[in-house]
1. Quick one: length gained pulling TYR96 to ILE68 fully straight, 0.36 nm per residue minus the C-alpha distance?
2. Residue separation times 0.36 nm, minus the C-alpha to C-alpha distance between THR80 and ASN54: what's the value?
3. Mind giving me the nanometre distance, one decimal, between the label points for ALA24 and ALA184, set 7 Å out from Cα along Cα→Cβ?
4. Using modelled backbone amide H atoms (1.01 Å from N, in-plane), which distant-in-sequence or interchain residues come within less than 5 Å of GLY124's amide H?
5. For a protection proxy built on the mean count of beta-carbon atoms within 10 angstrom, sort 97-103, 115-121 highest first, please.
6. Ordered by packing density, taken as the mean number of other Cβ atoms within 10 Å over each peptide's residues, highest first, how do 179-187, 80-88 rank?
Amino acid sequence: MGIVKKLLSSAILAVIIPQFASAASMVFEVEANPHVWNGGTGYGGNLGLNTGINLNSGDALTVDVNDITDTWLICPPSSTCIVDAGGVRPALGTTYGTYSNSGSSFAYGSLVGRVGSGDFFNVGTRGFSGFADATGALSLFHWDHNVNNGGSLTVTVNYDISPVPLPAGLPLLLGALGLMGAAARRRKTKRSVN
């Protein structure tokens with residue numbers, strides 16, 4: 001009976017423990033110049049800020065700018081092309097237009113994210129809340145064709161790593177339950193004979 005109990009305990013742990021998702025929160029400083037997305041060359045070969053957060057398709061994700069009044073430059077630092085994370089000029093409430101690249105279009109200077117080789121998504125000042133559309137690392141970008149930008153934004157990323165699916169441990173659990181049933185039946189048969 002000791003072996004059956006051990007098998008059952010192992011089976012239950014194998015099924016239950018992986019069901020808990022891993023949740024975490026991290027803060028990043030996204031800089032306009034080194035983290036620019038300008039169609040694939042980036043600034044000095046750097047393509048955005050790789051957060052090191054590896055997600056699976058379907059994992060929950062939120063990205064928020066810590067202070068929506070923070071701004072960055074989308075022109076050479078000597079100019080006054082100041083925009084917020086949504087690409088909006090705070091003083092005027094308008095954008096400098098839309099920049100289209102790699103199949104996506106956002107206002108110049110927008111804060112944009114991407115998981116692996118999935119679609120770009122807008123974070124802006126309202127943040128992003130949704131699910132990863134691809135598997136890979138989360139990267140954050142300053143969306144602009146220019147590499148002479150300045151300033152930075154502080155961003156908080158909250159994410160949940162999806163758990164191991166139940167079917168992976170189900171055969172082990174069913175096998176242990178079957179052994180428990182057989183042992184109980186055997187015990188019941190021995191008692192009725194005595």
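Here, each number is a calculation from the coordinates, and none is a lab measurement. Predicted, not measured: the structure shown is a model, and the values here were computed from it. Methodologically, a virtual Cβ is constructed for each residue, glycine included, from the backbone with ideal geometry; neighbour enumeration extends over all protein chains shown.
1. Working: separation 28, 0.36 × 28 = 10.08 nm, distance 1.83 nm.
So the extension gain works out to 8.3 nm.
2. Values: separation 26, 0.36 × 26 = 9.36 nm, distance 3.64 nm.
Result: 5.7 nm gained on full extension.
3. 4.1 nm
4. LEU111
5. On the way: 97-103: 12.7, 115-121: 16.6.
The peptides rank, most packed first, as 115-121, 97-103.
6. Working: 179-187: 12.6, 80-88: 20.8.
So the peptides 179-187, 80-88, ranked by packing, come out 80-88, 179-187.
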